[in-house]
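**Q** Right, I'll just put the structure down here and ask away after.
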Amino acid sequence: MTQRTPDTEEPAEPGAVSAPEEKRFRILVCIDGSEESYRGLRYAARLGGGVDADICLLYVRPVDQGLRSGGLQVRVARENMLNWGLELPGIKHLEKGRDMLMRLASMEGDWDEETIHRDVQGDPLGDNATVYTNAQGKRLILKLKVASDIASGILEQWDQFKYDLIVLGASANWAPAPLSLWDPAVAEKVALYAPCSVLVARELEEGHGHLICTDGSERAQRAVEIDANIAARCNCSISLMSVALDQESLPEAQRNVAEARKLIESMGFEVKDSYTPVGSPIDEIIEQGQHFSLIVLSDTGKSALKRFFLGSVAVKVLEKANHSVMIVRETES
Amino acid sequence: MVSESGSTEPTAVESISSRFDLRLGANLYYFWEKKWFFIALLVGFVLLSFDPPEGLTRAGQIVLTMSIMATILFVTEPIPLPGVALLIIIGEVLLMGLESTEVAKSLMNDSVLFIMGSLMLAVAVVRQRLDKRIAWLIVRMTGTKTTRVCFGISIVSGVLASFIGEHTVAAMMLPVGILLVTLTSDDPKEVRSLAAVILFSISYGCSVAGIGTPSGGARNAIMIGYWKEFFYDPTNPETFVYLMDYAKWMLYAYPMFLIQVPIVTFILFVTFRPEHRDLSRAIVRLRAQVAEEGPMKAGEWVSIGLFFLVLLGWILFSQDLGMGTVAVSGAVAFLIAGLVRWEDINNGVNWGVVLLYAAAISLGVQMKDTGAAAWVAQSFLDALAPIGGGEGIGLWAAVSVLTTAITNMMSNGAAVAVLGPIVLNMADLAGESPIVVGFVCAVSSAFAYLTVVGTPACTIVYSSGFLKTTDFLVVGWKMVIASTIIMLTAAAVYWPLVGT
């Protein structure tokens with residue numbers, strides 16, 4: 001990744017449109033060097049084990065800018081550092097991630113390597129990516145990106161290359177900066193705004209299966225379908241859950257679960273367990289979710305404005321759960 | 001050319017426009033990101049819709065409202081900070097009805113010239129790549145023990161920073177710090193605490209030193225400017241004490257910096273407990289790297305010479321010529337000597353900062369002229385009097401706490417620019433010496449140890465990627481307490497000895 005070649009920088013060809021390939025399953029794994037993010041990566045490696053899946057490891061570096069540093073551009077120091085042969089922050093983390101992926105069985109064999117550089121306004125080093133491709137056309141990408149802040153960088157990366165799933169760790173590094181009450185955690189911001197499914201890894205352990213929560217809506221049914229496909233990628237078991245607010249609505253909850261079960265079985269997969277507790281959805285989901293690798297929720301489909309004022313079960317669970325949560329959303333095209 | 005998605009990459013323009021459609025239309029991303037801008041507008045609108053409170057003129061009310069809005073925007077940054085500076089200029093013309101030329105004139109003075117000159121000088125100095133020489137000098141003096149190396153880094157960074165400003169030294173020393181860390185171990189996990197100790201030694205060394213001399217930071221220059229602007233009267237010899245000269249400032253502040261350096265090292269080691277007690281492995285490799293550089297080149301000697309000439313200029317002539325003139329002369333000397341290209345200076349300085357300081361100072365002067373500063377000062381004093389903050393050490397502590405709180409959230413220069421007129425008025429009204437209270441404010445503005453954005457040095461070392469934002473909190477509060485105690489002791493015991 002250090003072979004930055006300023007003389008061979010080629011601007012992207014104008015007019016070319018990046019057409020996302022329909023069939024490939026594309027995962028964006030955001031790492032920051034924390035243990036949580038590498039756990040997310042391990043999980044992503046299982047999801048992306050097949051030939052038809054690409055994995056992109058992303059490290060977002062905040063842009064070097066001089067307003068905060070008293071007017072002296074940080075790049076002046078950065079140039080001296082490169083002169084000493086010091087690497088940019090993040091490269092070590094990305095290389096560690098790559099080595100982890102390579103160690104996993106699916107990544108054996110020969111890989112072609114290609115380095116891509118893209119200029120970014122206001123930063124001398126720009127975005128850098130290394131693309132590894134194997135004989136079957138499977139791709140592994142290491143990307144070091146600069147952006148004004150980490151969440152925006154992740155969302156921009158999605159905009160450019162459209163992924164099916166974003167995986168990130170609920171890392172302490174990404175907690176809101178101290179004394180800045182107005183800045184939500186990176187993971188939360190991405191989960192709110194990303195136009196695709198987002199997996200927030202917390203103490204993520206493999207092998208305990210997915211707990212899919214449904215409220216019977218069409219959107220939730222669609223989420224069940226999407227996640228059933230994802231769970232199949234890692235041979236994870238699927239359990240279903242629908243929470244009834246009171247005794248009266250219990251039959252409805254049972255109906256929701258039954259419908260979801262029918263859908264999953266029609267896809268040729270199995271349902272391990274199903275739960276229909278009565279109570280507050282948020283508490284019940286968090287309680288039951290402790291026994292699973294992942295809590296899977298569908299995006300509420302509320303507009304941002306409504307979400308802002310009313311909140312949503314998905315967001316609340318994401319905030320409060322002690323375990324990994326995946327918010328499933330139909331990928332926008 | 002193959003891209004990450006397998007096809008060609010979209011152009012930058014495309015990606016930006018698509019993002020815009022997506023967010024603006026679909027989920028109000030734009031308004032969410034800019035919410036604090038609209039909140040500030042709303043606050044301004046509400047405040048201006050009231051009649052001015054007793055004792056405050058309408059113009060004063062407008063300036064005060066603008067200051068509150070500017071502070072909200074400085075802290076939350078919904079729009080780029082230089083944009084806030086431009087809004088201040090527009091507000092002074094449109095809301096206050098001032099002449100455009102008058103506003104433009106109020107933007108430039110010696111403090112602003114000094115900020116501009118010292119930034120240009122900073123680029124010129126950092127560009128000379130003297131970092132390896134300095135690193136070698138430090139380890140030759142200190143040996144290989146981690147504690148001693150860190151103390152050496154703090155004191156050398158500090159002494160340099162006290163004269164040429166913390167941003168210059170932090171930028172120059174950061175590669176040294178990272179090199180020592182990476183030469184010790186390649187695995188970031190293994191050297192986390194070591195990295196924290198070394199990098200904080202640089203940033204806190206610079207921060208505690210920034211108070212040492214008038215050229216140590218823009219905030220000092222701003223305070224000196226305010227003293228002169230508010231209290232100096234050429235016809236009254238008694239007011240001549242408000243013309244602060246370089247040596248007198250040093251007499252007040254330099255001992256405080258020297259006392260703080262060992263405390264910095266102590267606090268850092270107690271807090272982080274580095275994994276490696278000895279750095280000989282790294283230092284051997286450092287020696288090899290320095291040896292590759294060969295002997296000092298003529299250009300390096302010339303730049304060191306120029307650097308000392310600028311220092312002398314500040315010490316000897318800043319009273320007559322102005323600190324700004326000396327700084328600008330230094331920058332131009334580097335250009336004439338061919339040691340730095342204008343393009344490097346142009347790219348290395350963020351000119352928005354100059355604009356920002358200019359607008360903040362202009363607003364500060366308006367605060368004084370309209371009587372808004374006096375009104376706020378009186379209100380503060382009335383509020384502080386019942387809790388013993390109306391005079392003496394209580395007032396100093398109150399000023400210090402207020403400044404520390406503000407400076408941790410925004411640029412320390414801007415904090416002094418906005419707070420300066422208020423605290424100087426407080427001193428005047430309470431019968432305290434404006435010199436002492438001004439010093440308390442300027443020195444406290446260096447106590448931005450808690451956040452990444454607090455001081456330039458913190459921001460620069462944070463860019464290394466080795467530190468977490470929470471690290472600043474963990475160690476910062478100890479630094480704030482230690483520094484505050486030292487400063488208040490100096491104000492009570494030492495400053496009276498040198499005459500206030």
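The values are calculated or read from the model by the stated rules, or taken from the named source; none is laboratory data. Because the structure is predicted, anything quoted here is derived from the model rather than measured. Here Cβ is always computed from backbone atoms with ideal geometry, including for glycine, and neighbour counts include all displayed protein chains. When the accessible area is computed, the model is the full protein with side chains, heavy atoms only, and any ligands, DNA or RNA have been set aside. Shrake-Rupley method; radii C 1.70, N 1.55, O 1.52, S 1.80 Å.
**Q** Could you derive backbone 3J(HN,Hα) for the range B:330-339 from the dihedral phi with the Karplus parameters 6.51, -1.76 and 1.60 (θ = phi - 60°), listing whole Hz in sequence and x where the residue is Gly or Pro?
**A** Each residue's phi maps through the Karplus curve to give x, 4, 5, 5, 4, 5, 5, 6, x, 8 Hz.
**Q** Give me the Debye-computed log₁₀ of I(q)/I(0) at q = 0.14, 0.15 Å⁻¹ for the range A:210-328, equal point scatterers on Cα only, no solvent, two decimals.
**A** Taken in order of the listed q values, log10 I(q)/I(0) reads -0.53, -0.61.
**Q** So, one more: Probe 1.4 Å, all protein chains in place: accessible area of B:ARG285 in Å², nearest 10?
**A** 100
**Q** For the protein assembly as shown, what size does the Cα cloud have along each of its three principal axes, sorted from largest down, in whole Å?
**A** 96, 71, 52
**Q** Also: Given a Förster distance of 45 angstrom, what is the FRET efficiency for B:LEU42 paired with A:SER280, based on the Cβ-Cβ distance and rounded to 0.05?
**A** Efficiency for this residue pair is about 0.80.
**Q** Skipping prolines and chain starts, which residues have an amide H placed within reach, meaning under 5 Å, of the one on A:TYR275, given they are 5 or more residues away or on another chain?
**A** Under 5 Å from the amide H of A:TYR275: A:LEU240, A:MET241, A:SER242.
**Q** Taking the Cβ-Cβ separation of B:GLU300 and B:LEU243 as r and a Förster radius of 41 Å, what is the calculated FRET efficiency to the nearest 0.05?
**A** The formula returns an efficiency of 0.65 here.
**Q** Treating the Cα atoms of chain B as identical point scatterers in vacuum, please give the log10 of the normalised Debye intensity I(q)/I(0) at q = 0.09, 0.12, 0.13 Å⁻¹, two decimals.
**A** These q points yield log10 I(q)/I(0) values of -0.67, -1.15, -1.30.
**Q** Let me ask something additional. Given +1 on the Cβ of Lys and Arg, -1 on the Cβ of Asp and Glu, and no further charges, what dipole in debye does chain B carry about its Cα centre, rounded to the nearest 20?
**A** 1600
**Q** Using only DSSP helix segments of four residues or longer, with each worth -39500 (n - 2.57), what per-residue ellipticity at 222 nm results for chain B after dividing by its residue count and rounding to 500?
**A** Roughly -24000 deg cm²/dmol at 222 nm, from the helical runs in chain B.
**Q** Also, quick follow-up: Rounded to the nearest whole Å², what accessible area per residue is found for the range B:336-396 with the 1.4 Å probe?
**A** 42
**Q** May I ask you to rank A:VAL224, B:VAL284 by accessible area, largest first, using a 1.4 Å probe over the protein chains only?
**A** Largest accessible area first, the residues go B:VAL284, A:VAL224.
**Q** For a paramagnetic label modelled at 7 Å from the Cα of B:LYS228 toward its Cβ, which residues of the range B:129-173 fall within the zone defined by backbone nitrogen distances under 16 Å?
**A** none
**Q** Same structure, new question: For the range B:17-107, report the accessible area per residue in Å² (1.4 Å probe, heavy atoms, rounded to an integer).
**A** 54
**Q** Computed over the Cα atoms of the range B:17-107, what is the convex hull's projected area averaged over all directions, in nm²?
**A** Numbers: hull surface 29.8 nm².
Directional mean of the projected Cα hull area for the range B:17-107 stands at 7.4 nm².
**Q** Once label points are set 7 Å from the Cα along Cα→Cβ at both B:GLU33 and A:ALA232, what is their separation, rounded to one decimal in nm?
**A** 3.8
**Q** Taking the Cα centre of the protein assembly as shown as the origin and placing charges on Cβ (Lys, Arg +1; Asp, Glu -1), which of B:MET108, A:ILE166, B:MET141 is farthest toward the positive end of the dipole?
**A** B:MET141
**Q** How much length, in nm to one decimal, is gained on full extension between B:TRP351 and B:LYS105, taken as 0.36 nm per residue of separation minus their Cα-Cα distance?
**A** 86.8 nm
**Q** In what order, largest first, do B:ARG281, B:ARG129 sit by accessible area if the probe radius is 1.4 Å?
**A** B:ARG281, B:ARG129
**Q** On to the next question. Straight-line reach only, C-alpha to C-alpha below 21 angstrom: list the lysines that B:LYS228 could link to, leaving out same-chain residues fewer than 8 apart.
**A** Cα-Cα hits under 21 Å: B:LYS105, B:LYS248, B:LYS368.
**Q** Same structure again: So how exposed is B:MET323, as accessible area in Å² (1.4 Å probe, rounded to 10)?
**A** Around 20 Å² of this residue is reachable by solvent.
**Q** Please give the solvent-accessible surface of A:HIS323 in Å², to the nearest 10, using a probe radius of 1.4 Å with every protein chain present.
**A** 50
**Q** At a 1.4 Å probe, which residues in the range A:151-166 are at least 10 Å² less accessible with all protein chains present than in their chain isolated?
**A** Flagged in the range A:151-166: A:SER152, A:LEU155, A:GLU156, A:ASP159, A:GLN160, A:PHE161.
**Q** OK, next. If you roll a 1.4 angstrom probe over the protein chains with everything in place, what fraction of the accessible area of the range B:110-498 belongs to carbon and sulfur, to the nearest %?
**A** With neighbouring chains kept in place, the figure for the range B:110-498 is 66 percent.
**Q** Would you grab the residues whose amide H sits under 5 Å from the one on A:PHE25? Only those 5+ places off in sequence or on another chain, please, with H modelled 1.01 Å from N.
**A** Under 5 Å from the amide H of A:PHE25: A:ALA53, A:ASP54.
**Q** Further, regarding this structure: Sequence gap at least 6, Cα distance under 8 Å: using those rules, report the relative contact order of the range B:133-262 to the nearest whole percent.
**A** Relative CO of the range B:133-262 lands at 27 percent.
**Q** Mind checking which lysines have their C-alpha under 23 Å from A:LYS143, skipping anything on the same chain fewer than 8 residues away?
**A** Qualifying lysines at Cα under 23 Å: A:LYS23, A:LYS92, A:LYS96, A:LYS162, A:LYS189, B:LYS189, B:LYS468.
**Q** Within the range A:197-240, what whole-number % of the accessible surface is contributed by carbon and sulfur, with the 1.4 Å probe and all protein chains included in the calculation?
**A** 37
**Q** Rank A:CYS236, B:CYS441 by accessible area, highest first, at a 1.4 Å probe radius?
**A** On the way: A:CYS236 20, B:CYS441 0 Å².
Correct descending sequence by accessible area is A:CYS236, B:CYS441.
**Q** Given an 8 Å cut-off on Cα distances and at least 6 residues of separation, report the relative contact order of the range B:110-498 as a percent.
**A** Numbers: 590 pairs, mean separation 92.2, N = 389.
Relative contact order of the range B:110-498: 24 percent.
**Q** Return the value, in Å² to the nearest 100, of accessible area buried between chains B and A (probe 1.4 Å, both sides summed).
**A** Adding both sides of the contact gives about 6300 Å².
**Q** Could you tell me the extents of the range B:351-471's C-alpha atoms along the three principal axes, largest first, rounded to whole Å?
**A** Rounded to whole Å, the extents work out to 47, 31, 21 Å.
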